[in-house]
1. Using +1 at the C-beta of Lys and Arg and -1 at the C-beta of Asp and Glu, which of Val36, Ala100, Val54 has the Cα lying farthest in the positive direction of the dipole of the chain?
2. So if each residue of separation counts as 0.36 nm, and I subtract the Cα-Cα distance between Phe119 and Lys4, what length gain in nm does that give?
3. Multiply the residue gap between Leu160 and Phe45 by 0.36 nm, knock off their C-alpha separation, and tell me the result in nm, one decimal place.
4. If packing is taken as the average count of other Cβ atoms within 10 Å, what order do 70-80, 148-158, 16-26 fall into, highest mean first?
5. Kindly work out what percent of the DSSP beta bridges joining two residues of region 7-160 are antiparallel, to the nearest 5.
6. Of Lys65/Lys138; Lys35/Lys84; Lys34/Lys108; Lys8/Lys118, which ones are farther than 26 Å apart at the Cα?
7. So the label point goes 7 Å from the Cα of Lys108 along Cα→C-beta, right? Which residues of region 1-23 then have their backbone N under 18 Å from it?
8. Charges only on Cβ, +1 for Lys and Arg, -1 for Asp and Glu: so what's the dipole of the chain about the Cα centre, in debye to the nearest 20?
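Bear in mind these aren't lab numbers, they're just calculated from the coordinates by the rules spelled out. Source: prediction; values computed, not measured. When we count neighbours, we look across all protein chains shown, and the Cβ atoms used for this are built from the backbone with ideal geometry, even at glycine.
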Amino acid sequence: MTIKVGDKLPSANLVAGTAEGPKPMTTDEIFAGKKVAFFAVPGAFTPTCSAKHVPGFKELADQIKGKGVDSIVCLSVNDAFVMKAWGENQGVMETMLMVADPAGDFTKAVGLDMDASKFGLGLRSQRYSMIVDDGVVKELNVEAPGEFKVSAADYLLAQL
C-alpha cells in the first residue's frame, strides 16, 4: 500500500553519501523531531534528475529552509558512493543530504517502488516529493509516469 498524507514513515536503514564516506542512518535520525523537504528520484546522474530535480532544490534551498524546513533530503535506490559522487557533481553536499536506499527497502515500504528494467535500471523509486514533520507525511506529491511537475522544488515550496 502506498503511503499517504497523515501516515508515519516506516522505520528503515538508509546510507547517506557524505564527504567522509558512507554514513548509515535510520529514518528516525533523518526525520524525528524535524521538518524535512524530502524528494526521491529514479536514478542519480539520470537526465531529468540531474538537469531539473536536484538543481531546482539547490536553487530554492534558502527559500525552502526559510519556511521552517530543517533539512532537504534527496533519496535514490542507489549506493552511497554514487549518491556522494552525484551530490559533489551537483554541488549540493552543503545544501542537502544525499541518501541511498541500496536495496530499495524504504522505497518498497512506502509503496513507491517501480520496475525500471525496461530502461536498464531495475528496481527504482518513483519520482516524488513530500513534506515530513516529525516522521509524519504532511504533503505527498507523486509524479505520473514520465512527468516532472508536482515533485519539483517550486511546487513543494508553495505547499510550505
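1. The Cα lying farthest towards the positive end belongs to Val54.
2. 38.7 nm
3. Net length gain for the segment: 38.6 nm.
4. Going by the mean number of other Cβ atoms within 10 Å, highest first, we get 70-80, 148-158, 16-26.
5. Approximately 70 percent, going by the DSSP bridge assignments.
6. Details: Lys65/Lys138 16 Å; Lys35/Lys84 23 Å; Lys34/Lys108 23 Å; Lys8/Lys118 32 Å.
Too far apart for the 26 Å limit: Lys8/Lys118.
7. What the label zone holds, given the 18 Å backbone N cut-off, is 1-3, 10-15.
8. 240
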